[in-house]
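The block underneath contains the structure these notes are about, expressed in structure tokens.
The values are calculated or read from the model by the stated rules, or taken from the named source; none is laboratory data. All figures in this text were calculated on a predicted structure; none of them were measured in a lab. Reconstructed Cβ throughout: ideal geometry from the backbone, glycine too, with neighbour counts over all protein chains shown. Keep in mind that these areas ignore ligands, DNA and RNA; they rest on the heavy atoms of the full protein, side chains included. Shrake-Rupley method; radii C 1.70, N 1.55, O 1.52, S 1.80 Å.
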Amino acid sequence: MCVCPGPRRIAIPVRSSRLPLLSDAMPAPAHLFPLIRNCEISRIGSTACYCHHKHLCCLSSHFAHSHFRYAPQKKFAALYRPKEHFNNFIHARDYASTPQRFYLTPPQVNSILKANEYSFKVPEFDGKNVSSILGFDSNQLPANAPIEDRRSAATCLQTRGMLLGVFDGHAGCACAQAVSERLFYYIAVSLLPHETLLEIENAVESGRALLPILQWHKHPNDYFSKEASKLYFNSLRTYWQELIDLNSGETTDVREALINAFKRLDNDISLEAQVGDPNSFLNYLVLRVAFSGSTACVAHVDGVDLHIANTGDSRAMLGVQEEDGSWSAVTLSYDHNAQNEHEVERVKMEHPKSEEKSLVKQDRLLGLLMPFRAFGDVKFKWSIELQKRVVESGPDQLNDNEYTKFIPPNYYTPPYLTAEPEVIHHRLRPQDKFLVLATDGLWETMHRQDVARIVGEYLTGVHHQQPIAVGGYKVTLGQMHGLLTERRARISSVFEDQNAATHLIRHAVGNNEFGTVDHERLSKMLSLPEELARMYRDDITIIVVQFNSHVIGAYQNEEL
Amino acid sequence: MFLRLLSDIQWRAAHPKWRRMPGSQRSASTSAEPHPLSLPAQAQVVICGGGIMGTSVAYHLSKMGFKDIVLLEQGRLAAGTTRFCAGIVSTARPMSIELKMAHYSNKLYQQLEQETGVQTGYMKTGSISLAQTQDRLISLKRIASSLNVMGIPCEIISPKKVSQLHPLINIHDLVGAMYVPEDALVSSANVSLALATAASRNGVQIHERTSVSHVTIQKGRVTGVETDRGRIQCEFFVNCAGQWAYELGHSGEEPVHIPVHACEHFYLLTHPLQEPLSNSLPTVVDPDGRIYIRNWQGGILSGGFEKNPKPLFTEGRNQLEIQNLQEDWDHFGPLLSALLRRMPGLEALQIMQLVNCPESFTPDMRCIMGESPTARGYFVLAGMNSAGISYGGGAGKYLAEWIVNGYPSENVWPLDLKRFGTLQSSRTFLRHRVMEVMPLMYDLKVPRWDFQTGRQLRTSPLYDRLDAQGARWMEKHGFERVKYFVPPGSDLLDLDHSKTFYKPDWFDIVGAEVKCCKEAVCVIDMSSFTKFEISSTGDQALENLQYLFSNDLDVPVGHVVHTGMLNEKGGYENDCSIARLSKRSFFMISPTDQQVHCWAWLKNHLPDDSNLVLEDVTWKYTALNLIGPRAVDVLSELSYAPMTAEHFPSLFCKEMSVGYANGIRVMSITHTGEPGFVLYIPIEYALHVYNEVMNMGQKYGIRNAGYYALRSLRIEKFFAFWGQDLDAFTTPMECGREFQVKLDKVHHLLHRVWWESRTGLKGCQPSRWMCLYGAVCSSCNIYSCTSAGC
């Protein structure tokens, strides 16, 4: 997720030499050029913003656009730098002697799509899989460079169940990265019984080996930061020590555990930033984590009990197979954004009536932030004084960053933002075949019904196509032959992917108006340079969890 | 459907009963009108099914003088598969009996319009079968030569000639073609109606909208038919119910197993071409493209047999008339591609309809006719494998002859219902098998082809042991038998690539096995052979066997006799070996596929005497055949008994111990003419005896061998195979076996009349089984040497 396109472009003007290729590959940028020539920067900015800058509106463009008056002089100067960049762009274009068509071949497309794919199959014992989960497929496709989405999956070892989550970062990837590393530990610890917590604490105390809490299922590209692990561990230890002291003696409720873990982690992120760290690298890291933000959509599956904890605008969707074999979608989370009336209502309730008008502007929180709940984003949580103090005492890099120094407009009664999730519990039924967790990059390109159908058909290997009927129409043999050949090609695309998430991304990016994957479109979308990709699509991260209907059916029968 | 419309009008015009209802609306009239005739209480023959088969049987029965015939149709005449039939009468059939049926049908349909006055749409167009490969051309040449033997004009033509015969064909990828100028097109529904019209003129009562609920059988004989309109007592019942034949067979208390299963079959109808196609243009069959194309009302009709058929009604939905099934264009896609490749000029031709109709298929791609093995008087004619119109006339004729004379005028064993047992009537088996059979319609028909589905049903206890030693398997009557053993290290072609008309890659492997049989000793598992025991309290067993078999069975206990089971005309119904176990019990060994046929024959000819017991003991014994000069050494070492010729002469049977196992029935016969023994081992001892034999045999160079080796040995010794070289029309005199006919043994003899009429004609008939050495064998040239016979 971008901070804003302006500064990034300034940072890497050299890259623009690659742009000429694009003018032939993409029809859309070509029609942008006249606008650029007219130097209507504000319009470009808003177009870009309108296109795909979702979570956090690009500050600079918005300033040019609507908050012009409030912008300090320095910022104003910065705004004009993109113009230079675009001038470069136009010059570079002149160097391209001959227009060349540039398409990725299908293998190239596949290698891009499959670069981040990951699959996990729950191991079977004696030929039997006793888990309600068969396994999961996950994948992500970057639009930002580097990608700001994160994903996590892990099996709880000291309690039952499996955790899966997608995290959509904004204003950098630091917060999403931290949440993806830490949140599941907080959840697992919240779920642990008192005795296990004691055992762990004793082990740490006496320097013995710890009981493993989580077994991670990670793609090689999913990294954990080594430097911060000690810091993170200490925060986590403080948390479980508090839990031990609190010992309520009650059995842990999953819903509460999830809510507590979310809130606690966000609190720790905030505290770590306030306290700082003697190590300058770590000090900068915790500040970056706190000043960036991340949504989180986490699923906890234990037998037939499925809990979804959601903060922000990622979404969980259940794929249900109806009796007639068709697929339908059940959404298991509420988006926390301006489209959710309850959420708008909640925000308004939490602040004085005088702020009602400035709270939500242009479908954004304070006119800036798209998700209404998020981790990090201390800019929307801390008081102005605290923000100023931390920034000023912080390292120079932080001081130089326009974004961190900028205080949101109409900022009177913080906090405006919370990381508290909404938790939905669902009892799995045999007809619930799969769960899709995905960041908004997917949901803004595809309707959930299509997602359910595409994944369902992929997983069952059956491609339900509307049968062709000639009826009374005049169709020639040649036309019919062409139609059938095309349909066959479409079916074969299903079998190209070994990963349901990859398959879904292929559709999300390459779907044409008929709902089928158009290779040419896919190729164009994937060959966009980093600078432009963000205008046409967002980062997409998808986890598809496949359920074991037999086990779920058996659970049900036991209960009957 | 307009075909249907047309036929209704004509049928009514032809039928005297309907002439009195001018101008009445068709549908209303038939449903509202009470049935013009009430059902008779009694008839000689009741035929169920008013499609091409039922009407053809009725037609031929009435022609042969049967008067008291009732034909029942659950819906309307020619409303089932017959209505949807593409109407191609093609004589290019791979089996000679099918070819004869198709030839007869063609001649019959040609004069049918003249005979009945009903328009049949008969048009002699000829047919062209195209070859895209040299192998295909060879298979066409094989068919062409059998057509020529029958005197049916037929020639192999060049691609250039093809384009002269049919202007639309793209000939660029062709290597040749077969042209059969006398093949024809008909409207199948109208042919059926014409046959019905002629039959009803000859006195056959036809009742539409009458469905048979079940057939009553008492003491193994048909006694009557229960319908929704009452009961009809009858002597003969004919099941011509097409795709409903299976269910009808299972509806009664005593099921009659008719292994048919329906598949969806698609064909395309188009609007006329801009310049309408001539209706005399020949039909085109492109087996490599899996399609057929005929001219149809100025446009074309094109269908095919795809690689991935869609079986239908496995669960047995019994719908009254075939409702229009869903068109499935995606499924038809590959066939459409083949069509446009063959006739690129048709691109702009407008589609009228894609017809989907169920066709019935059988487990071996041959139709089913004949009498039930369990219920006398219950006849079946069904499972036409989508060639109903081609076979209709001939099949009806043969079945009518069967009912009237007791046996048809041709050898129809390849089509006999008794080639199947109950084991082929599992719905799962049928579903899987028909999915293999339907594509086979247009597959290359090479010799020695084995079905791959529905396998491993009946196996010997040694199956796993043999399989681990490299056995390659074939199937006969559901029983897995070893073809040959692939030595370790040698690599054979996979199944698809092993299809050849030339020297197969296993040739040398079998050669080595044969050599070992000749020089040392080999073991062949022969458990599949049919084994019966016949015993009685008194002399009934001997008396009855003497009556049924040609050779003298009154031999000392412990002797084995090779004999034929002859019918009244002296033809071989079975060719078997009989051992006299005691004075009053006999052990009979017959070919594998005789299990049902021989049982039925014996049941029908043995008196109903509780003191005479016939038992099928096939499953009780594992048979190991030790062939070769050293077999005697192996056995004597294992049993510590002298096995030399003076102690154990040829054609002798003794119970003895082999290894630890006692009570092994050892016979000094190998079915090959080579020295050796067959061990009949109670199955629990099978593994032990096999292990002992293999261990002991090591020093004598023992090895496993398969059926191909056995066949090779038999052919060398002029041993005939029943079903292939011998059949119900072959007499002992024609195959040099008159020495096996003993007349003086008893006065009472089934085939005495034949024999006495033949005395003095000794040896004047050519040996029919000599054709074994010709290119094509008489009864079955698809599966050639190995799948027919023992």
* In square angstrom, rounded to the nearest 10, how much accessible surface does A:H336 have for a 1.4 Å probe? -> 0 Å²
* Structure fact -> Honestly region B:78-126 on the Cα gyration tensor test (a ≥ b ≥ c root eigenvalues; a/c under 1.5 rounded, otherwise a/b vs b/c for prolate or oblate) is just oblate
* Structure fact -> Once A:E242, A:E486, B:E253 are ranked on solvent-accessible area with the largest value leading and a 1.4 Å probe, the list reads B:E253, A:E486, A:E242
* Asked: What is the average number of partner chain Cβ atoms found within 10 Å of a Cβ in B:667-674?
  -> 0
* On the full set of protein chains, 1.4 Å probe, figure out the accessible area of B:K518 and give it in Å² to the nearest 10. => 80 Å²
* Asked: Please state the relative contact order of region A:241-361 as a whole percent: Cα pairs under 8 Å, 6+ residues apart?
  -> 13 percent
* Give me the accessible area buried between chains A and B, both sides summed, with a 1.4 Å probe, in Å² rounded to the nearest 100. => 1400 Å²
* Asked: Using modelled backbone amide H atoms (1.01 Å from N, in-plane), which distant-in-sequence or interchain residues come within less than 5 Å of B:F652's amide H?
  -> B:V560, B:S668
* Structure fact -> For region B:598-727, the dipole about the Cα centre with charges only on Cβ (Lys and Arg +1, Asp and Glu -1), to the nearest 20 debye, works out at 400 debye
* How about region A:377-478: which GluC sites (Glu not before Pro) there are in a DSSP loop, with at most 12 other Cβ atoms within 10 Å of their Cβ? -> none
* To do: Scan chain B and note any complete DSSP helix (H) whose C-alpha atoms cover at least 15 Å along its axis and whose Kyte-Doolittle average is -0.5 or more.
  => B:2-14, B:52-63, B:134-149, B:188-201, B:329-342, B:388-405, B:427-440, B:507-519, B:686-697
* Global form of region B:438-568, assessed from the alpha-carbon gyration tensor, a/c cut-off 1.5 -> prolate
* Asked: Where does each of A:R427, A:R315, A:R506 land when they are ordered by accessible area, with a 1.4 Å probe and the largest first?
  -> A:R427, A:R315, A:R506
* To do: In whole Hz, with x marking every Gly and Pro, tabulate ³J(HN,Hα) for region A:414-423 from phi via Karplus 6.51 cos²θ - 1.76 cosθ + 1.60, θ = phi - 60°.
  => x, x, 9, 10, 9, 9, 5, x, 9, 10
* Express in Å², to the nearest 10, the accessible area of B:D727 obtained by rolling a 1.4 Å probe over the protein heavy atoms while all chains stay in place. => 0 Å²
* **Whole-number Å³ per residue for the convex hull built on Cα positions in chain B** => 164 Å³
* To do: Post the alpha-carbon centroid distance, region A:184-240 to region A:393-448, in whole angstrom.
  => 24 Å
* Order of exposure, largest accessible area first, which applies to B:F507, B:F721 with probe 1.4 Å -> B:F507, B:F721
* **region B:426-501 shape via C-alpha gyration tensor axes, a/c threshold 1.5** => oblate
* Other chains near B:332-338: what is the mean number of their Cβ atoms within 10 Å of each residue's Cβ? -> 3
